[in-house]
Amino acid sequence: MKVIDAENLWKIYNKRKEALKGITFSVNSGEVFSLLGPNGAGKTTTVKILSCMIRPTRGKVEVMGYNVPDECGKVREIVGVVPQEFQGFSDLTVEENISYFVKLYRGDRSQVDELMKTLGLLEYRKVRFRNLSGGYKRRVAVACSLAGDPKLLFMDEPTVGLDPRSRRDVWNLINEVKAKGITVLLTTHYLDEAQRLSDRIGIIYDGKIVRLSSPKELMEEFRKQTLEEAYLALMESLGDSS
Ligand SMILES: Nc1ncnc2c1ncn2[C@@H]1O[C@H](COP(=O)(O)OP(=O)(O)O)[C@@H](O)[C@H]1O
Ligand SMILES: [Mg+2]
């Protein structure tokens, strides 16, 4: 079953900036799909449209069978988002931040404890958000995104700026989320991460999808041992050095 189906999707900001120039891709139920591509390629724009934060300029978009943007009310009920810049309530504690989101989705108290447990936050429950390290802030972001029991989770660069240990923790989290049957759409700049986690990848370059494949297929195409090398070879073939 297709959880995301985007066909000829365009986004033009302020009637001038063509951020997405007709992208087409789909994501199947239960997979981890990673959007890769250089800065400014259109990854965040895609995530924002699919998660109903901004409207597409044109194109057909369906998320869990619902039309975007017409049925965004439904979509918001079943998706979770870890934004590129998650800002928790800085003066509230870990527990209060998570509780806020659980209440938004009319979940009960036990879910707050469950989420803190899953994300290894029980010890930090009374710590104010602003006093957490980057890795723990990210854990809170993930906990909040899971508050409504989403069927689909968007994570925009979830490991940027994290130390290696915290990155591993986030990788484990993504695998746990996947094991629960939740579909994950990820964006990342870290190709080792994408190779490790993704069932399939979509590479965006200048607002267009230039490859849709599995990490293995791309590595085979360019006869490389790692996704990073294959990605760099692809970028070179497109005349880009970034
Ligand atoms: N609100 C906006 N208004 C105008 N241009 C934007 C806006 N948001 C993003 N852009 C532009 O759209 C392009 C794609 O941006 P983005 O989707 O954030 O890329 P990525 O996440 O791949 O780095 C970039 O050129 C960016 O500057
Ligand atoms: Mg981005």
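The values are calculated or read from the model by the stated rules, or taken from the named source; none is laboratory data. These figures come from a predicted structure and were not determined experimentally. Neighbour counts run over all protein chains shown; Cβ positions are idealised from the backbone, glycine included. Areas reflect the complete protein model, heavy atoms only, side chains present, ligands, DNA and RNA absent. Shrake-Rupley method; radii C 1.70, N 1.55, O 1.52, S 1.80 Å.
For the reader, a short list of remarks on this structure follows.
- Under Karplus coefficients 6.51, -1.76 and 1.60, residue-wise ³J(HN,Hα) of the stretch 213-222 in Hz, glycine/proline x: 6, 8, x, 4, 4, 5, 5, 5, 4, 9
- Among M64, M235, the sequence by solvent-accessible area, most first, with a 1.4 Å probe is M64, M235.
- Note on K2: accessible area approximately 110 square angstrom, rounded to 10, probe 1.4 Å, nucleic acids and ligands left out.
- Shown for the stretch 99-242: the carbon plus sulfur share of the solvent-accessible area, taken with all protein chains present and a 1.4 angstrom probe, equals 47%.
- Taking Cα centre as origin and charging only the Cβ of basic (Lys, Arg, +1) and acidic (Asp, Glu, -1) residues, the dipole magnitude of the chain rounds to 540 debye.
- Per residue accessible area in Å² of the stretch 178-230, where ligands, DNA and RNA are left out and the probe is 1.4 Å: 49
- Straight-line reach from K15: taking Cα to Cα under 27 Å and skipping same-chain neighbours fewer than 8 places apart, the lysines in range are K43, K48, K60, K208.
- C-alpha long axis of helix 227-237 to longest principal axis of the chain, angle in °: 40
- Helix 164-179 axis, angle to the chain major axis (alpha carbon atoms, nearest 10°): 90
- Largest to smallest in accessible area, the residues T187, T226 fall in the order T226, T187 (1.4 Å probe, all protein chains included).
- Positive contributions from Lys and Arg (+1) and negative ones from Asp and Glu (-1), summed over other residues with Cβ under 13 Å from the Cβ of E228, come out at -2.
- For the chain, Cys with no neighbouring Cys Cβ under 4.7 Å: C144
- For the chain, the longest principal axis of the C-alpha atoms and the axis of helix 134-145 are separated by about 90°.
- Convex hull projection area averaged over all views, the chain, Cα basis, nm²: 13.2
- When all protein chains stay in place and ligands, DNA and RNA are ignored, the 1.4 Å accessible-area order of E193, E18, largest first, is E18, E193.
- Spacing of the two label points (7 Å from each Cα toward its C-beta) at D163 and E96, in nm: 2.7
- Of G135, T226, V102, farthest towards positive along the dipole that unit charges on Lys, Arg, Asp, Glu beta carbons give the chain: V102
- Taking θ as phi - 60° and the Karplus parameters 6.51, -1.76 and 1.60, the scalar couplings of the stretch 87-95 work out to 10, x, 6, 5, 8, 8, 7, 3, 4 Hz in sequence order, x denoting glycine and proline.
- Once all protein chains are placed together, I23 keeps about 0 Å² accessible to a 1.4 angstrom probe.
- Extension reserve of the N131-K208 stretch, reckoned as 0.36 nm per residue once the Cα distance is removed: 23.7 nm
- Modelled FRET efficiency - R0 51 Å, Q87 with M1, Cβ distances, 0.05 increments: 0.90
- Amide H contacts under 5 Å for K208, placed H, 5+ residues apart: K21
- Each Lys and Arg Cβ is given +1 and each Asp and Glu Cβ -1; about its Cα centre, the stretch 85-184 then shows a dipole of about 120 debye.
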